[in-house]
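Accompanying notes for the structure given below.
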Amino acid sequence: MPAVASLPPPAPGPAALRRRRFSPASASLRRAASGGGSSWRSERRLMSELERTVTAGAAERVIRGYVGTKSERAALAALSRLLMDSDPLAVPFYEAVTQARWFKWSSIHAAAVAALLEANGAAEESRSLIADSAARLESTAEVALFYCDLMAAFSSRGLKRRAMDFYSQLRAMPTPLAGGAKTYMAMIKSLCMMGLAAEAEEALREMVSLGYQPDAFQFGLVAKCYGKAGQLAEMERVIASMSDAGIRLGTGAVNIVLSCYSACRDHGKMLMWLKKMRKLRVAPTTKAYNFVLNSCPTVVSMARELGPSLPLSAAKLVRKLNSTSPWPAEAEVVQELLAASSVLNKAMVWSETEVKLNLHGFSITSAYVLMLQWVDAVKGDRTLPLEVSVVCGVGKHSNVRGEPKVRELAQEVLSRMGSPLRLSVRNKGRLVAKRDRVKQWLATEWTSMVPEESTDQSPNSSDQQQFLPNLLRKLGQFFSSFVPVSR
């Protein structure tokens, strides 16, 4: 039985005192917490019940009942969510999980709970859990991987000194490290999370010298770590060393390079690589689309604020960037990305029965730009199928709880365009309309609420310009909720 089983429950108090303090979480925890489907719905019910509890005993009864009746996947997704939210209830929840009949020890979860305990001032309990976990491991390879997970978990909570202690213990183990390439990959990832780019590059070189073959992901982690620290020369040196290591310039490697330059907003280098991709016929992917657009501050601001002068076509977006963006190459980067149709072609399904745009996997900024591309594509083809739809989801896979941001954006942008697409009665993550209404819509022209050439900056003029369109749009949204839409 893990040592955490004997830990005291969280102190009684109002639920608000236990509520979530967000902290960075590892990708592994995020994947476990994005369970979707029925596990996502049951997790929301659990969080709602825990919000209503006012004593530690009541919270523990809710937790035991949940773990005892739900599947392993649902329970571990809920545990990961509590750990990501830095909720103290993650500790008794982990205790309940360790007592479940299906329990299998996880290095990632044990390290995350230990880090949460340490962050909450329970250092002795944290050390006890770590010692108990290490004692149950049967090989030095497993111990080495556990140290890597501890480095990542503690550094993500700002406990860098403790994370360095685990790194010292890892380095005290015989070289080459047990576990081979898997251990080195985990160590490089953890060192990059800690911001130790030089140490990560040293581990990368050691990995190569021992005959292990790193992939583009490891090079990208180290390069991005340098980039975030502002050491651009070192970042470019690591990127250049990818070809020396025999890594082909394919989709994966290009994504890594673009993510590095997007992290430091180097639009000039991103533009150079996008042009190089076009020459080499390496099509941008959804990841590349997200990386590039999320690094364009002006476009990000537009998509988040949804101001009255929001461009409602790809051409107007580029023109606005050319005239207003303080970043010299931002407009060219967006234009180069718009010229490639690979991302749109993959996100769009065009069949005899429907044309559908799927926004799953896109950030808010990317979804906005992709919708502009999609409308242009639909306008260019008059042979529309029976139904037109935009699938934006209801936020199941988002790290942000609350109103689904992509759906909110899609509704607002399409509403401003005068689009007939409305939320489906059967699927609240889908906007849909019939062909005839869409044809009528596409035959009209729409503009931003405030003309681009308007130069009157007086407050009264601005208020008068915005009031009537805003009122009409809100009334349209209100009455559209009463209009039944099939499917």
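The values are calculated or read from the model by the stated rules, or taken from the named source; none is laboratory data. Keep in mind that this is a model prediction, so the values were computed, not measured. Counting neighbours? That spans all protein chains shown, and the Cβs are built from the backbone with ideal geometry, glycine included. For accessibility, only protein heavy atoms count, side chains too; no ligands or nucleic acids. Shrake-Rupley method; radii C 1.70, N 1.55, O 1.52, S 1.80 Å.
Full-extension gain between Trp350 and Thr55, please, as 0.36 nm times their residue separation minus the C-alpha to C-alpha distance. It would help to have the intermediate numbers written out before the result.
On the way: separation 295, 0.36 × 295 = 106.20 nm, distance 5.43 nm.
Extra length from Trp350 to Thr55 when fully extended: 100.8 nm.
The simple spin-label model puts a point 7 Å past each Cα toward its Cβ; for Ala123 and Ser301 those points are separated by 4.5 nm.
Phi angles across the range 357-368 convert, under the Karplus curve 6.51 cos²θ - 1.76 cosθ + 1.60 with θ = phi - 60°, into 3J(HN,Hα) values of 10, 9, 8, 4, x, 9, 6, 4, 5, 5, 4, 4 Hz, Gly and Pro given as x. Of all DSSP beta bridges confined to the range 340-443, the antiparallel ones make up roughly 65%. Evaluated over the Cα positions of the range 340-443, the convex hull gives a direction-averaged projected area, one quarter of its surface, of 6.5 nm².
Overall, the range 340-443 carries a charge dipole of about 260 debye about its Cα centre when +1 sits on the Cβ of Lys and Arg and -1 on the Cβ of Asp and Glu, all other atoms neutral.
As I understand it, the dipole of the range 113-159 uses +1 on the Cβ of Lys and Arg and -1 on the Cβ of Asp and Glu, about the Cα centre. Which of Ser139, Gly158, Leu116 lies farthest toward its positive end? Checking the options against the dipole of the range 113-159, the answer is Gly158.
What does the charge count around Ser341 come to, taking other residues whose C-beta lies under 12 Å from its C-beta (Lys +1, Arg +1, Asp -1, Glu -1)? Net local charge, Ser341 excluded: +1. Descending by average beta-carbon neighbour count within 10 Å, the peptides 343-352, 41-50 line up as 41-50, 343-352, the highest first. The share of accessible area on the range 232-321 that comes from carbon and sulfur is 53 percent, using a 1.4 angstrom probe.
Exactly which GluC sites (Glu not before Pro) in the range 85-172 are in a DSSP loop and have at most 13 other Cβ atoms within 10 Å? It would help to have the intermediate numbers written out before the result.
On the way: sites: Glu95, Glu118, Glu124, Glu125, Glu138, Glu142; in loops: Glu138.
Listed in order of number, the matching sites are Glu138.
Apolar share of the accessible surface for the range 88-138: 48 percent from carbon plus sulfur atoms, 1.4 Å probe.
How much accessible area per residue does the range 340-443 have, counting only protein heavy atoms and a probe of 1.4 Å, in square angstrom?
Numbers: 4630 Å² over 104 residues.
Accessible surface, normalised per residue, equals 45 Å².
Protection proxy ranking for 228-237, 426-435, using the average of other Cβ atoms within 10 Å per residue and placing the highest first: 426-435, 228-237. The smallest convex shape that holds all Cα atoms of the range 282-342, its convex hull, gives 86 Å³ per residue.
If you put +1 on each Lys and Arg Cβ and -1 on each Asp and Glu Cβ, how big is the dipole of the range 61-158 around its Cα centre, in Debye rounded to 20?
Numbers: 10 positive and 11 negative charges, 90 e Å.
Value, rounded to 20: 440 debye.
For the range 112-209, rounded, prolate or oblate, judged on the Cα gyration tensor with a ≥ b ≥ c (square roots of eigenvalues), a/c < 1.5 rounded, else prolate if a/b > b/c? Oblate shape, in that a/c is at least 1.5 and b/c is the bigger or equal ratio.
Loop-only check: which trypsin sites (Lys or Arg not before Pro) in the range 59-163 are DSSP coil with at most 13 other Cβ within 10 angstrom? Don't skip to the end; give the middle numbers.
On the way: sites: Arg61, Arg64, Lys70, Arg73, Arg81, Arg101, Lys104, Arg127, Arg136, Arg157, Lys160, Arg161, Arg162; in loops: Lys70, Arg101, Lys104, Arg136, Arg157.
The qualifying sites are Arg101, Lys104, Arg136.
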